[in-house]
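Some notes on the structure that comes next.
The values are calculated or read from the model by the stated rules, or taken from the named source; none is laboratory data. This one's a predicted model, so the numbers in the text were calculated from it and none came from an experiment. Note: ideal-geometry Cβ built from the backbone for every residue, glycine included; neighbour counts use all protein chains shown.
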Amino acid sequence: MSDNEFHRIKRLPPYVFEHINPIKAKARANGVDIIDLGMGNPDLATPEHIVEKLRETVLNPRTHRYSASKGIKGIRKAQANYYQRRFGVKLNPDTQVVATLGSKEGFANMAQAITAPGDVVLVPNPTYPIHSFGFIMSGGAVRSMPAEPNDNFLMVLDRAVRHSIPKPIALILNYPANPTAYIAELDWYKEVVKYCKKHEIFILSDIAYAEIYFDDNPPHSVLEVEGAMDIAVEFSSMSKTYSMPGWRVGFAVGNERLISALARVKSYLDYGAFTPVQVAATAALNGPDDCIIEVRNIYKKRRDVLVESFTRAGWDIPAPSATMFAWVPIPKQFAHLGSLEFAKLLIEKADVAVAPGVGFGEYGDNHVRIALVENEQRIRQAARNIKKFLSSVEGQSNI
């Protein structure tokens, strides 16, 4: 029996990066230096004081026992304190905070907790894949929403709610957005919350990139809106803020009913992250913000180098105001290829890997996502490779 005969597997499309990864691997096996700007996998070291707390805690044998599926008390309290400091939002760490194995796991398990077969969920397109496929794997149906948080989004939201049968159970938000880097204003959040409360629709918000921003206006939490706690849960992650992607620590916070449902599902599936990891993550949340500022400044410098060097090379890069990604239109002469074939071409002809936009939804197929996961020197080298490639195909009509 093929794995494609299993019901839930049949609902998943082919993974776009399965087409890209073998090409990268083959090139590297042949000695080619591929500059990989594809996967959003932070290359920065986890701050030393966090690593030291892990070392210290792991030496205690008692910490090697089973942990708590919703997170130890200390980490839930630390996350509640973070929300109070950062957003002015008060949370009860016992009933409104769950520690997750990264925000991705939290989203997937929340989908399991609240989705009945055939339930409709409204999801931005393009967006991070788990926002859609967590619900698809749980038997739900996904309806696409615009990615940009503006008046058009609100009009489409109203149309989707009026014309969807059955009525949508939830709306997914993700700002700062992966892959598009859009940021939502607080007044816009207020309109969305007002509408969703009126129509009894849950809001699931992903703010994994809330601390990676490049201007003087920190991104908002939907929970800052009065009344949002009645319908909303927000997911966050330690991965990008503290350069801890492999540690797998995230959070879900907000509405008690939704948090309770998530906690119950998790109680059947896991015992939480390794306790020393949770203790170290607690130290990160309770510690100084210096390391967050440093990470933010590094990504800002990389963004500036990317925009400047790639634009001079002949490929205009819109400057993102947040996240560790640039969402970039495919150059006009290659637009007919689509994002997957263009990404393959860049690996083969320029030794540069990017993420095809179609991997984030069909409406992303005229873009690619470029991740700021290489240092400034490597980004400039990628720009030189791009310039050479673009010069070599200038005037050709068969590309």
Would the range 132-154 turn up any residue that is touching a Lys or Arg at 6+ places or on another chain (Cβ under 6 Å), among the hydrophobic types (A, V, I, L, M, F, W, C), modelled with pLDDT under 95 and closer than 22 Å to Cys196 by Cα? yes
I'd like the residue in the range 327-359 that is assigned to a helix (DSSP H, G or I) and in contact with a Ser or Thr (Cβ under 6 Å, 6 or more places away or on another chain) and, out of all such residues, is nearest to Tyr182 (Cα to Cα). Gly357
Please find, within the range 10-25, the residue that is modelled with the lowest pLDDT out of those that are outside any loop (DSSP other than H, G, I, E, B) and surrounded by 13 or more Cβ atoms within 10 Å (Cβ to Cβ). Phe17
List every residue pair whose Cβ atoms sit under 6 Å apart, with the two residues 6 or more apart in sequence or on different chains, where the first one lies in the range 86-106 and is outside the structural domain of Glu226 (by TED's automatic domain parsing) and the second, anywhere, is assigned to a loop (DSSP other than H, G, I, E, B) and of a type in the set (Phe, Trp, Tyr). none
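Residues are listed down the side, and each one gets a yes or a no for (1) modelled with pLDDT of 95 or more; (2) of a type in the set (S, T, N, Q); (3) on the phi > 0 side of the Ramachandran plot; (4) not assigned by TED's automatic domain parsing to the domain that holds Ala147:
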position	(1), (2), (3), (4)
Lys300	yes, no, no, yes
Val307	yes, no, no, yes
Phe310	yes, no, no, yes
His336	no, no, no, yes
Glu376	yes, no, no, yes
Gln381	yes, yes, no, yes
Ile386	yes, no, no, yes
Output the number of the condition that Thr127 fails; it satisfies all remaining conditions of (1) hydroxyl-bearing (Ser, Thr, Tyr); (2) part of a loop (DSSP other than H, G, I, E, B); (3) more than 26 Å from Ile370 (Cβ to Cβ). (3)
When the range 250-280 is examined, which residues are found to be part of a strand (DSSP E or B) and closer than 24 Å to Leu54 by Cα? Gly250, Phe251, Ala252
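For every residue, the table says whether it meets (1) of a type outside the set (Lys, Arg); (2) over 21 Å from Asp187 (Cβ atoms); (3) in contact with a Cys (Cβ under 9 Å, 6 or more places away or on another chain).
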| site | (1), (2), (3) |
| --- | --- |
| Ser138 | yes, yes, no |
| Asp151 | yes, no, no |
| Leu157 | yes, no, yes |
| His163 | yes, yes, no |
| Lys167 | no, yes, no |
| Ile172 | yes, no, no |
Could you list, ordered by first residue, the pairs with Cβ atoms under 6 Å in which the first is in the range 346-359 and at positive phi and the second is surrounded by fewer than 21 Cβ atoms within 10 Å (Cβ to Cβ), at least 6 apart or interchain? Asp351/Val32; Asp351/Ile34; Asp351/Asn385
Are any residues in the range 39-67 farther than 21 Å from Tyr299 by Cα, touching a residue at least 40 places away in the same chain (Cβ under 8 Å) and hydrophobic (A, V, I, L, M, F, W, C), and if so, which ones? Val51, Leu54, Val58
Is it true that some residue in the range 176-187 is over 19 Å from Gly227 (Cα atoms), in the same structural domain as Glu224 (by TED's automatic domain parsing) and among the charged types (D, E, K, R)? no
Of (1) surrounded by fewer than 22 Cβ atoms within 10 Å (Cβ to Cβ); (2) in contact with a Lys or Arg (Cβ under 7 Å, 6 or more places away or on another chain); (3) not polar (S, T, N, Q), His336 fails just (2)
Of all residues being of a type in the set (Ser, Thr, Tyr) and outside any helix (DSSP H, G or I) in the range 299-326, which is surrounded by the fewest Cβ atoms within 10 Å (Cβ to Cβ)? Just the residue, please. Ser321
Would you confirm whether or not the range 112-121 contains a residue that is in contact with a strand residue (DSSP E or B) (Cβ under 9 Å, 6 or more places away or on another chain) and more than 30 Å from His7 (Cα to Cα)? no
Take the residues in the range 157-186 that are under 23 Å from the mean Cα position of the chain (by Cα) and part of a helix (DSSP H, G or I); name whichever of them is surrounded by the fewest Cβ atoms within 10 Å (Cβ to Cβ). Leu186
Residues in the range 267-281: is at least one under 28 Å from Tyr182 (Cα atoms) and assigned by TED's automatic domain parsing to the domain that holds Ile212? yes
Taking first residues from the range 262-273 that are under 18 Å from Arg65 (Cα atoms) and second residues anywhere that are in a helix (DSSP H, G or I) and at pLDDT below 90, the pairs with Cβ under 6 Å that are 6 or more apart or on different chains are none
Return yes when Ser391 is in contact with a helix residue (DSSP H, G or I) (Cβ under 7 Å, 6 or more places away or on another chain) and assigned to a helix (DSSP H, G or I) and no when it is not. no
In the range 281-295, which residues are closer than 29 Å to Gly38 by Cα and crowded, with 19+ Cβ neighbours inside 10 Å? Ala281, Ala284, Leu285, Cys291, Val295
In the range 255-295, how many residues are in contact with a strand residue (DSSP E or B) (Cβ under 7 Å, 6 or more places away or on another chain) and modelled with pLDDT of 95 or more? 6
